[in-house]
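Written below as structure tokens is the structure these notes are about.
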Amino acid sequence: MRAFIASAAIVGALASASMVSAQEPSAGEPPWKRTAYDAMGPLKVLRESGGPACTIFRPSTIPDRAPIVLWGNGTGQMPDTYGPILKTLASNGFVVAAANTFNAGSGADMLGCLDWLAVQNAEAGGPYSGKLDFTRVGATGHSQGGGGALMAGRDPRVKTTAPIMPATQSPRYAGMRFDEHGPILLLSGGADNVAGPVTQQKPVFDSASQPVFWATLSGAGHLVPMHAGGVFPGIVTAWFRFQLMGDRKAAEMFVGDTCGYCVAADWTVKRKGDL
């Protein structure tokens, strides 16, 4: 009950503030339809160091009992490559902890950032002191980092995951079930020839023991989540608002036969289990 009340307070504060303009599309992107969740939220974002191993994107003033999102980079990338996704989440009230690693696939570095936040939350007098809600933690990431998000999702502290084009066909994933501790938003690109939906994401959908909302973006290649981010910032933000904040409007984007992403022309959706 305590977490639900905190979620309602954060959602109410966000709803009362105006949304600023949506992220600008990159040159040559398909004209994907954007939703309100593709816009930056109302909160001012601060980017700061999370020790040597993490980069933090957070509201400049952290709301009470703020939810946490862990981020994993694609191979050879660092957090600033994914600025629009991480800033959109932070502007909506999430504290985002991104691992400073080129190789996030084990999930260990992402969970290390969660440990770092736990230390900061316990220290008196700092900006994080007593502010974070460790019952509401999500994990997301791109490519190898998407696989890392799934690996981090096996930790019971992580309640939901949103892997973006996860690359799952490597020895570390051989034969494993993706035993997450909560629902999965599985994101694919219809034109991804690096981590294709059938070879890389379908095994996650088939083996997952939790509900899965699998959404494939038409015409999206593997690099779309990088830099401008396409419309991936919006769907990831809507998912975590639904799962970690209890946002009923965001839930409507995923729940029911006529959910927002179910009927969107740019997305093809397949589901299993009840969200």
Whole-Hz ³J(HN,Hα) from phi, Karplus 6.51 cos²θ - 1.76 cosθ + 1.60, for region 183-191, glycine and proline x: x, 10, 9, 9, 10, 10, x, x, 10
Cα gyration tensor shape of region 185-254, rounded if a/c is under 1.5, else prolate or oblate by comparing a/b with b/c: oblate
Nearest-20 debye value, the chain charge dipole, Cβ charges on Lys, Arg, Asp, Glu: 340
Karplus 3J(HN,Hα) series, Hz, for region 153-161 with 6.51 cos²θ - 1.76 cosθ + 1.60 (x for Gly, Pro): x, 7, 6, x, 6, 8, 8, 7, 10
Cα gyration tensor shape for region 114-156, rounded if a/c is under 1.5, else prolate or oblate: prolate
Among the listed pairs 44/159; 159/272; 87/272; 131/272; 44/270; 159/270, those beyond 24 Å (Cα-Cα): 44/159; 87/272; 131/272; 44/270
Nitroxide proxy distance, nm - points 7 Å out along Cα→Cβ at residue 270 and residue 61: 4.7
Residue order, fewest to most surrounding Cβ atoms within 10 angstrom, among 222, 142, 181: 181, 222, 142
222 nm mean residue ellipticity, helices alone, for the chain (DSSP H n ≥ 4; -39,500 (n - 2.57); rounded to 500): -8000 deg cm²/dmol
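Please arrange 86, 223 by counting, for each residue, the other beta carbons lying within 10 Å of its beta carbon, fewest first.
Values: 86 28, 223 17.
By the 10 Å Cβ count, ascending, the order reads 223, 86.
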Packing-based exposure ordering (other Cβ within 10 Å, fewest first) of 248, 271: 248, 271
The chain: C-alpha gyration tensor shape, a/c 1.5 cut-off, then a/b vs b/c: rounded
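Every number in this text was worked out from the coordinates using simple rules, so none of it is lab data. The structure presented is a predicted model; accordingly, all values stated were derived computationally and were not measured. Cβ coordinates were reconstructed from backbone atoms using ideal geometry, including for glycine residues, and neighbour counts include every protein chain displayed.
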